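Input: a single structure, listed below in structure tokens.
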Amino acid sequence: MNSFYFDVAHLLSGSLVLASLMLLYQDRVYALLHVFTLHALVLSLSVAWQAFAQDAPHLYITAAIALVFKAILIPVALRRIVAQLRIHQILETVGGIGPTMLAGISLVALSLVVTLRTTPAGDRFSREDLAFALAVILLGMLMIVTRRNAISQVIGFMSLENGLMLAAAGAKGMPLVVEISVAFAVLIAFIVIGIFLFRIRERFDTVDILVVDRFRGERR
Amino acid sequence: MNHFPFDPTLWLLVIPAASALFLAFLRDWRLAARINVLACFLSFCLSLSLLAVPRAEPGRYLMVDDLNIVFLVLNAFVGFTTSLFSAGYIQHEVEIGRLTPRLLRFYHAMYQFLLFGMTLALLANNIGVLWASVETATLTTVLMVGIYRTAEAIEASWKYMMLSSVAIALALFGTTLTYVAARQTVGEGAEAMRWSSLFTHAATLDPPLLSLAFLFVLLGYGTKVGLFPLHAWLPDAHAEGPTPISAVLSGLLLNVALYSVIRFKMLLAGNPHVLSPGPILITMGLATVLFAAFMLYRRRDIKRLFGYSSIEHMGIITFAFGLGNPLANFAGLLHMALHSLTKSGIFFMVGHISQAKGSQKIADIRGLTESHPFLGWGLLAGTLAIIGMPPFGIFLSEFLIVSSGFSRHPWIILLFLLGLLVAFSGLVLRVSGMAFGKPTGRQEPIHVIPLPFLIHILAVVTAGIFLPHAVVGWFRQTAQLLR
């Protein structure tokens with residue numbers, strides 16, 4: 001594998017991890033959405049680069065889905081939801097920003113240690129890629145756990161899923177990648193529509209019962 | 001019989017998919033319920049034909065082998081009996097106005113779609129297709145759990161959705177890792193995701209990557225199995241959805257998720273250099289059994305109670321596969337089949353009981369044997385079966401698990417027995433309160449369809465007294481496969 005190809009891929013997937021870390025310390029909804037747009041853009045570039053480097057044209061479709069759906073449509077839809085549901089601009093985090101960042105950094109270290117140890121035989125390309133992808137996945141999970149607000153949980157889930165796409169695109173010749181990215185797009189659309197229809201602001205304890213009742217009243 | 005000209009595997013998928021599409025447009029819900037039963041019956045007949053038709057070579061995307069054939073039959077069977085129960089159940093729900101005809105259209109279409117997803121997962125000969133179909137089945141149940149549109153139902157389905165989405169993601173990462181582990185020896189492309197070729201090359205897969213892949217797969221699909229500590233969605237989803245869905249969730253979907261884990265475990269068994277999955281499965285299974293057993297005591301909701309019981313039984317099965325000797329594997333498979341029959345049978349009773357009493361709260365249910373004798377004694381029989389009393393079949397499988405592990409791991413087995421005992425008394429305590437005593441609340445008789453429950457309980461009793469030779473032979477053969 002040409003060293004230049006590798007360097008660019010490395011740079012892009014490294015930036016994705018960086019963007020994941022940036023997501024962790026956002027405490028305003030709109031800022032969070034901006035950073036997520038950046039996250040999706042980086043993913044799109046990274047997948048497109050893999051498509052180019054591996055000479056796998058179908059990956060361009062995945063890159064295009066990431067660009068159109070995740071970098072444009074979803075942020076716009078979420079912005080409208082935030083406005084319409086009058087969601088608080090300031091996000092609460094469980095445990096504060098500092099400890100969360102520390103946890104995030106140790107998760108990145110963990111995933112590098114685990115993946116680089118377990119893949120000595122794998123080629124450099126997919127090895128580094130898997131390490132970064134695992135880091136993005138773990139950071140996404142951390143974000144879901146530390147946020148209570150439904151919007152930021154969805155963002156956490158989408159960043160996690162971007163990590164999966166990075167892994168799948170980096171696994172050379174893996175079939176079904178495009179189909180999987182479509183499946184995830186459908187899943188995310190489901191979740192976003194669910195938030196909107198049922199006005200879910202926070203998970204687990206405060207679903208807005210009054211609003212749900214009114215909604216039922218309208219339907220009948 | 002030798003050269004049967006048709007391929008039942010394809011039809012097994014076409015029937016539920018086509019009927020899902022058809023039912024989505026059918027306005028008359030009474031007719032829809034009948035068509036639902038008919039479609040399930042056809043699927044069941046087709047699945048039986050799998051036993052008779054000579055087995056084809058594994059195809060590009062689908063395959064039938066010793067392991068999945070029994071789950072296919074079981075799936076179609078429970079799908080069929082549940083559709084019978086569902087026909088009676090929804091009639092009552094429409095009468096009291098909890099479900100509207102419009103929602104029912106959605107309900108019936110989703111029911112068939114769920115069966116489609118599970119059948120595809122079982123038939124899949126490709127780890128990518130397996131993943132996609134488990135995801136489909138899960139999402140379908142998410143929609144079904146929220147169908148009553150109450151705040152609790154929406155909360156339950158949101159929780160289920162978030163947890164299972166993360167689980168889906170982890171399972172996909174495990175799937176990708178498996179592909180990467182296989183790519184070097186099996187070759188790039190679809191070949192490296194096909195079960196049949198993965199198994200033939202199992203010994204040459206990259207060991208550390210495969211171990212890591214298994215951990216992710218276990219976390220991902222394990223969440224759907226309801227293993228502690230990833231079980232949080234399960235009791236809520238069981239309690240808030242329509243009862244036929246609880247029956248299918250407990251009886252079938254948990255099995256399908258577990259089936260996926262077992263498949264990956266088989267892959268690991270073929271490779272001598274990977275981590276051994278046994279201790280992990282034993283630990284998770286044991287933790288699940290103990291946790292669920294203690295949780296049974298403070299339950300106030302009857303469906304939640306049996307949801308926790310399902311968690312416990314999934315723990316038992318995982319524990320059995322963790323022990324991993326042929327006898328324990330045999331018992332694990334047997335337990336999967338019997339638990340599925342018993343638990344869905346219990347949910348049939350629970351559905352009728354909560355309709356008869358107009359409540360799912362345990363405190364509102366008293367003296368069922370007096371007010372509704374069939375329901376009361378049925379619930380009692382089902383409970384005795386699920387806690388593993390002889391002559392019911394679960395006694396046999398639990399006994400086999402205990403005796404297969406006792407010589408090698410006496411202390412672990414003692415802990416396991418403690419869990420079983422705690423669960424035993426927890427369930428007896430709750431259920432005897434509901435079955436006996438002075439009846440309270442509503443006592444009007446209710447229209448019950450007894451047949452599905454009777455078939456299930458009869459099958460479980462038969463298994464406990466006498467297992468047919470062919471069945472034993474099959475279970476033994478598959479247990480060998482698992483190693």
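The values are calculated or read from the model by the stated rules, or taken from the named source; none is laboratory data. What you are looking at is a predicted structure, and each value in this text was computed from that prediction instead of being measured. Please note: Cβ atoms are built from the backbone with ideal geometry, for glycine as well, and neighbour counts cover all protein chains shown.
A compact table of results
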read-out	value
Yes/no for B:Gly433 being buried (at least 21 other Cβ atoms within 10 Å of the Cβ) and at pLDDT 85 or above	no
Selection status of B:Ala156, among the small types (Gly, Ala, Ser), touching an Asp or Glu at 6+ places or on another chain (Cβ under 8 Å) and under 19 Å from B:Leu209 (Cβ atoms)	no
Unmet requirement for A:Gly95, which otherwise passes all of (1) touching a residue at least 12 places away in the same chain (Cβ under 8 Å); (2) at negative phi	(2)
Identity of the residue in the stretch B:98-145, more than 12 Å from chain A (Cβ to nearest Cβ) and touching a strand residue (DSSP E or B) at 6+ places or on another chain (Cβ under 7 Å), that ends up surrounded by the fewest Cβ atoms within 10 Å (Cβ to Cβ)	B:Asn125
Count of the stretch A:130-143 residues which are facing chain B (nearest Cβ under 10 Å) and crowded, with 24+ Cβ neighbours inside 10 Å	5
Residues of the stretch B:163-182 classified as over 14 Å from B:Val261 (Cα atoms) and more than 8 Å from every other protein chain (Cβ to nearest Cβ), total	4
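One line per residue, one yes/no per condition, for (1) facing chain B (nearest Cβ under 8 Å); (2) surrounded by fewer than 21 Cβ atoms within 10 Å (Cβ to Cβ); (3) closer than 18 Å to A:Ala53 by Cα; (4) not aromatic (Phe, Trp, Tyr):
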site: A:Pro99; (1), (2), (3), (4): no, yes, no, yes
site: A:Leu112; (1), (2), (3), (4): no, yes, no, yes
site: A:Glu128; (1), (2), (3), (4): no, no, yes, yes
site: A:Val145; (1), (2), (3), (4): no, yes, no, yes
site: A:Ile155; (1), (2), (3), (4): no, no, no, yes
site: A:Ser159; (1), (2), (3), (4): no, no, no, yes
site: A:Gly173; (1), (2), (3), (4): yes, yes, yes, yes
